[in-house]
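Have a look at the structure below before the remarks.
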Ligand code: F6P
C-alpha cells in the first residue's frame, strides 16, 4: 500500500511523533510506503512531496514542530482545488491519505472523503477543541508551558504587589486557560465561552488587596471578551482565512483595571511559545498511539474516520461527527474554578 501524509494548520508539539509512528508502523509492520506532502494541503495542491522511510523519521519522537512543514489554506481554495488534489494523489499512486490537523484540516479531510478519496484523519491542536476525542496531543505540552510561566509570574507579582494578566492561546475554546489556571492556582480565569464582567473583575482585584493578599494572577484566553457594552476591544479585522485578528485582550483589560483599581497591572502574552519545542511524554505517547491506530485503520480500509481518544482507548469516529462542532469548555467545567477564584 502507498500512504500519503500531511500536517495542516498551526503546528503543535507531537506532530513529528505522529509522522514517525505512521512511518514506522506502515513500513515495519505492513511493508507499505509513505509519501509526505510538504506544507499541508498546499503541498498536495502544488504537488510538492518528500519520501519518508524509517531513516527519515529517526530522532523525530522528541522534536517539536513538523518536519513536513505546515500551512493554512483558505477553505474555498481547498474546495476549488479538489480535482487537482485527486489528480496528484492518483499520479503518486496513493491508496490512502492520512491528514493530521485541527478543525480546518479535518474539515478538508472530510470534503476529500466525501469526494471519494480514502482518508483516515488524525486530530491535533494545542487548543484541545476537536469534538469526539477526549484530548488532542499538543494540549498537555501547551498547558505545561503555560503553567510553568504562571508559576514564575506568581513570585514576581508577589514581590511588586501587582496584578499580572497572562494571555494564553484559545481562539474559541478556553481549555488551555482553564487547565493552566487550575494547575497554577490562578485567581481568575477568563475564557471565550463566557463573556466576562469587567465590574466583577475590578471587584475581585480590589477585594484581594483589601484583605491583605499580595498579588493577583489572571489567566485570559486570547478569545475572551467582556460583556457587550462594557469595554469594547479594539477591532483588528480579519485575516485572509476569515479569522478574527486579536488585539490583546489582556493588555486592554489591564489598562482598564489599572485605571479603575489604582493597582499596577502588567500583561504577559505567551503566544507561540506554547506551541514550540519538545512534546511532553503524555503527548509523545498519545501522538504515537494515534499514528499507530490511524495506520492500522488505513490498512483495514476503515476510511472517512478519525482516530480519537475515548477514556484510555483509541477509537475511530466518523470525520463528519468530529467536524460538526467545536468542543468548547462546558459551564460545569467552568464552575469547578469557582472555589479557586478570588
Ligand atoms: O492552533 C490553534 C491556535 O493555537 C490558536 O489558539 C491561535 O489563535 C492560533 O493557533 C494562532 O496561530 P497562527 O498565529 O499560527 O495563525
Estimated inter-spin distance, residue 74 and residue 160, nm [label 7 Å along Cα→Cβ] = 4.2
Per-selection Rg to Rh, region 140-275 - Cα, Kirkwood hydrodynamic radius = 0.95
Theoretical FRET efficiency, 1/(1+(r/R0)^6), r = Cβ-Cβ of residue 300 and residue 324, R0 25 Å, to 0.05 | 0.55
The chain: antiparallel bridges as % of DSSP beta bridges, rounded to 5, reads 30
The chain: angle of helix 281-299 to the longest principal axis, Cα-based, in degrees nearest 10 | 30
Taking the chain as the region of interest, what is the percent of Cα-Cα pairs per 10 angstrom bin, listed from the shortest bin to the one with the maximum distance?
-> 6, 26, 30, 20, 13, 5, 1, 0
If r is the Cβ-Cβ distance from residue 62 to residue 331 and R0 is 30 Å, what FRET efficiency results, to the nearest 0.05?
-> 0.20
Neighbour-count order for 206, 12, fewest beta carbons within 10 angstrom listed first | 206, 12
Mark the label point 7 Å from the Cα of residue 282 along Cα→Cβ and return the residues of region 140-180 whose backbone N is within less than 14 Å of it.
-> 140-148, 175-180
Per DSSP H run of n ≥ 4, the term is -39500 (n - 2.57); total these for the chain, divide by its residue number, and report the mean residue ellipticity at 222 nm rounded to 500 deg cm²/dmol.
-> -11500 deg cm²/dmol
Take the alpha carbon atoms of region 295-342, find their center, do the same for region 238-256, and report the distance between the two centers in whole angstrom.
-> 27
Residues listed by number, region 163-196, amide nitrogen under 20 Å from residue 245 label point at 7 Å toward C-beta | 168-172
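FYI, it's all coordinate maths here, none of it is from the lab. The shown structure was predicted, so the numbers you read here are calculated from the model rather than taken from an experiment. Cβ sites come from the backbone with ideal geometry, for glycine too, and all protein chains shown count toward neighbours.
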